[in-house]
1. If you take the residues of the stretch B:86-100 that are more than 12 Å from the chain's Cα centre (by Cα) and of a type outside the set (Ser, Thr, Tyr), which of them is nearest to the other protein chains (Cβ to nearest Cβ)?
2. Quickly run through the stretch B:11-38 and pick out the residues that are away from chain A (no Cβ under 11 Å), assigned to a loop (DSSP other than H, G, I, E, B) and at negative phi.
3. Of all the residues that make up the stretch B:57-69, how many are within 14 Å of chain A (Cβ to nearest Cβ) and in a loop (DSSP other than H, G, I, E, B)?
4. Does B:LEU4 satisfy being touching a residue at least 60 places away in the same chain (Cβ under 8 Å), more than 15 Å from A:GLU98 (Cα to Cα) and in contact with a helix residue (DSSP H, G or I) (Cβ under 8 Å, 6 or more places away or on another chain)?
5. Any residue in the stretch A:78-105 that is more than 9 Å from every other protein chain (Cβ to nearest Cβ) and touching a residue at least 40 places away in the same chain (Cβ under 8 Å) sitting within a Cβ distance under 7 Å of a residue that is assigned to a loop (DSSP other than H, G, I, E, B) and polar (S, T, N, Q)? List the pairs, counting only those 6 or more apart or interchain.
6. Looking only at residues in the stretch A:1-25 that are of a type in the set (D, E, K, R) and under 16 Å from the mean Cα position of the chain (by Cα), which one is surrounded by the most Cβ atoms within 10 Å (Cβ to Cβ)?
7. Assess whether B:SER72 counts as being within 14 Å of chain A (Cβ to nearest Cβ), modelled with pLDDT of 95 or more and open to solvent by 40 Å² or more (accessible area, probe 1.4 Å).
Amino acid sequence: DVKVTQSSRYLVKRTGEKVFLECVQDMDHENMFWYRQDPGLGLRLIYFSYDVKMKEKGDIPEGYSVSREKKERFSLILESASTNQTSMYLCASRGTNEKLFFGSGTQLSVL
Amino acid sequence: GQQLNQSPQSMFIQEGEDVSMNCTSSSIFNTWLWYKQDPGEGPVLLIALYKAGELTSNGRLTAQFGITRKDSFLNISASIPSDVGIYFCAGFEWAGGFKTIFGAGTRLFVKA
């Protein structure tokens, strides 16, 4: 069964902290994505990657960076967390077709 | 960029009722997708549509790819409590790379 695993279900951080959200997929997918989910706004794309060491900005990249050192792992980094980054973060991967596979999400609270 | 307008935002229904939701786009898509997000989980793909006019079922769920290619519909028949969740429409397009554009979601509540 395909699996996308996000390292934490819940995180509480303080303003200004550096935050790492980790995502691992076991499907050998080339494409990986980070979305942010907020009520009434749906899923908004932060960053994506089509290959190892490759990254592309999505629709809302400000305040975020990413790292993809290995094919199976895609990390989202908040360099200096702010309260407006409190949100649900969803990682997804995709193979050669249109189907996205999501992790269970990380609910991040920045105080 | 592309915008998807999904409605309604939320629905409160009685168990056994049928449900309809829809999604419209400012421009055409070649592929429409419907995902469901259970509480506390990530979205899961329910149905994929590839051709204008296509009607596809998955159990009690039926989705249609609008003939203008700018809209899609999802119907749920005889709703049950486990239908609770958020339903997202999505369009799949080429925009400097293949991208998935999501609607804002329809939150469904089912009263037993």
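1. B:PHE92
2. The answer is B:GLU15, B:GLU17, B:ASP18, B:SER26, B:SER27, B:ILE28.
3. Selection size over the stretch B:57-69: 0.
4. In short, no.
5. These pairs meet every condition: A:ALA81/A:THR15; A:SER82/A:THR15; A:THR83/A:THR15.
6. Here the residue is A:GLU22.
7. Spelling it out, it is not the case that B:SER72 is within 14 Å of chain A (Cβ to nearest Cβ), modelled with pLDDT of 95 or more and open to solvent by 40 Å² or more (accessible area, probe 1.4 Å).
Residues checked against (1) among the hydrophobic types (A, V, I, L, M, F, W, C); (2) open to solvent by less than 10 Å² (accessible area, probe 1.4 Å):
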| residue | (1), (2) |
| --- | --- |
| A:TYR47 | no, no |
| A:TYR50 | no, no |
| A:ASP59 | no, no |
| A:GLU69 | no, no |
| A:PHE74 | yes, yes |
| A:SER82 | no, no |
| A:TYR89 | no, yes |
| A:GLY95 | no, no |
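The values are calculated or read from the model by the stated rules, or taken from the named source; none is laboratory data. As the structure is a computational prediction, the values presented were derived from the model and not from experiment. All Cβ positions, glycine included, derive from the backbone under ideal geometry; neighbour counts span all protein chains shown. Note: accessible area is taken over every heavy atom of the protein model, side chains too, but ligands, DNA and RNA are not part of it. Shrake-Rupley method; radii C 1.70, N 1.55, O 1.52, S 1.80 Å.
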